Each structure stands twice: as structure tokens, then as C-alpha cells.
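Working notes, structure below.
Computed from the coordinates by the stated procedures, all read-outs in this text should not be read as laboratory data. This one's a predicted model, so the numbers in the text were calculated from it and none came from an experiment. Here the Cβ positions follow ideal geometry from the backbone for every residue, glycine too, while neighbour counts run over all protein chains shown.
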Amino acid sequence: MSQTVGRAGGRFITFEGIDGAGKSSQISAAVALLQARGIDVVQSREPGGTPLGERLRELLLHEPMHLETEAMLMFAARREHLASRIVPALEAGRWVVCDRFSDATYAYQVGGRGLARGKFQALEVWVHPDVQPDLTLLFDLPPEAAAARIAASGADPDRFEREQRDFFVRVREAYLERARDAGGRICVIDADRPPETIRGEIEHLLQARFFA
């Protein structure tokens with residue numbers, strides 16, 4: 001994260017991955033691990049994280065819309081999230097653990113939907129030129145395995161989860177491309193393993209990055 005945002009010891013950690021990759025079940029464990037070290041943690045999600053963001057989330061997950069409308073609403077919710085919650089927490093020295101951030105918009109809207117990269121980059125620079133996660137954990141899983149997990153959960157899928165396999169292949173490829181270009185910020189985690197194994201790897205990564 002840029003030094004122009006006064007962190008006072010705060011850190012910003014994000015969890016990413018295609019729907020069904022299993023990241024959500026690991027976020028609470030990571031938060032508990034940090035809290036056990038005496039760290040004040042804010043747990044949040046995108047789209048969402050604020051009252052306005054949660055209202056936009058309902059629209060984004062359930063209402064059909066133009067691709068560019070979708071992208072701009074994602075970043076509108078993110079701008080509110082940053083201004084109201086993320087940046088104040090970091091400036092107060094708190095740690096923020098968030099389920100998705102701009103890497104997800106790149107993967108889903110650019111990779112999955114075909115939004116022009118230049119338009120994504122313009123929105124990213126406009127909305128958060130000085131803020132990037134200190135660490136991103138990318139849960140990587142083949143789309144077939146992710147789809148099987150979603151089906152087994154019995155939950156009512158949102159409009160993203162109802163997309164076809166080819167869409168998630170593109171999303172996964174975009175995530176991995178983003179990871180290759182992130183200069184070590186994004187750590188790719190093999191999500192096709194037992195949860196306890198993944199939890200151990202996350203603990204190791206947090207230890208190595210922040211507590212070594």
C-alpha cells in the first residue's frame with residue numbers, strides 16, 4: 001500500500017478466488033489467528049462493507065445490467081468502502097481483512113466479461129491511487145471443482161454463480177495473470193486441498209510476511 005496513506009501499523013489483507021474456491025471459510029480463521037496475537041481486526045467484504053455498499057451489492061448480484069454499469073457500481077461501492085471504513089481503520093492502526101477487492105473486478109469484469117483493461121485501470125487509479133492490499137491470498141481452484149462445491153452447498157446461486165464454465169475459466173486465468181504481475185503481493189494458494197492444510201499454509205504466510 002502506498003505510504004501516502006498513514007497506516008500507523010495497520011495492514012490490509014484481501015482474500016480472492018472464483019466462486020466456490022472456499023476462501024470465505026478461511027477468512028474467519030485468519031481473523032481469529034490475528035486477534036489471538038492481540039491485533040485489532042476489521043473484517044469486511046466487497047461489494048459491500050458499508051450500508052450503501054450492501055445495497056449496491058444486492059443490485060450487482062441479482063439485477064441484470066450493462067457491463068460498464070456493473071464495473072462502475074463495483075468501484076462506487078469500493079470508493080464508499082474505502083472512505084468510510086478501510087482507510088480510517090488503517091490510519092487508526094487497525095488491520096483490515098476483506099473478502100475481495102479490485103483484483104476481483106479485474107478477474108470478473110475484465111477477464112470474465114471482457115471490460116477493456118484501460119477502463120478498469122482508469123477506475124482503479126481514480127478510486128484508490130494510493131491504496132493496495134499489503135497481501136492478497138488467491139484461492140485457486142479448477143472451475144469444475146468450484147461448481148461442484150456450489151451445487152453441494154444447496155445455496156441459491158447469484159447471477160455470477162450461475163455463469164457457465166467458460167466464464168469461470170476466463171476469471172481464473174485473469175486472476176493468475178494478475179498474480180503474475182503483482183510483484184509478490186498476491187500469493188496463490190492451491191484450494192483443492194483439505195481445509196486444515198490450507199489453514200496451516202495461511203498461518204505460515206502471515207507469519208512470514210508480517211511477523212518474521
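Quickly work out the Ala116-to-Ala152 label distance, labels modelled 7 Å from Cα along the C-beta direction, and quote it in nm with one decimal.
4.3
If we count other beta carbons within 10 Å of each Cβ, what is the order of Ser153, Ser84, Ser102, fewest first?
Ser153, Ser84, Ser102
Hey, with R₀ at 35 Å, roughly what FRET efficiency would Arg209 and Arg162 work out to, going by the Cβ-Cβ distance, to 0.05?
0.50
Can you work out the FRET efficiency for the pair Thr69 and Arg199, with r the C-beta to C-beta distance and R0 = 35 Å, to the nearest 0.05?
Details: r = 38 Å, r/R0 = 1.08.
That pair, Thr69 with Arg199, gives E of 0.40.
Pull out a ≥ b ≥ c, the square roots of the eigenvalues of the alpha-carbon gyration tensor of the chain, then state rounded if a/c is under 1.5, prolate if not and a/b is larger than b/c, and oblate in the remaining case.
oblate
Could you tell me whether region 25-143 comes out rounded, prolate or oblate from its Cα gyration tensor? Rule is a ≥ b ≥ c as square roots of the eigenvalues, rounded for a/c under 1.5, then prolate if a/b exceeds b/c, otherwise oblate.
Verdict is prolate for region 25-143.
Along the Cα→Cβ direction, 7 angstrom out, place labels at Arg180 and Ser84. What is the inter-label distance in nm?
Going from the Arg180 label point to the Ser84 one covers 3.8 nm.
Just from its helices, what would the mean residue ellipticity at 222 nm be for the chain, if runs of 4 or more DSSP H residues each count -39500 (n - 2.57) and the sum is divided by every residue, rounded to the nearest 500 deg cm²/dmol?
Values: 9 runs with 100 residues, N = 212.
Mean residue ellipticity at 222 nm (helix-derived): -14500 deg cm²/dmol.
Tell me, in nm to one decimal, what length is gained between Ser25 and Leu52 on full extension, where the rule is 0.36 nm per residue of separation less the Cα-Cα distance?
Extra length available between Ser25 and Leu52 comes to 7.2 nm.
Let me make sure I get this right: for region 91-212, a, b and c are the square roots of the gyration tensor eigenvalues over alpha carbons, sorted descending. Under 1.5 in a/c it's rounded, otherwise prolate if a/b > b/c, else oblate. Which is it?
Cα axes put region 91-212 in the oblate bin.
Sketch the reach of a paramagnetic label on Glu173 as a point 7 Å from Cα along Cα-to-Cβ, and name the residues of region 84-122 whose backbone nitrogen lies under 17 Å away.
106-117
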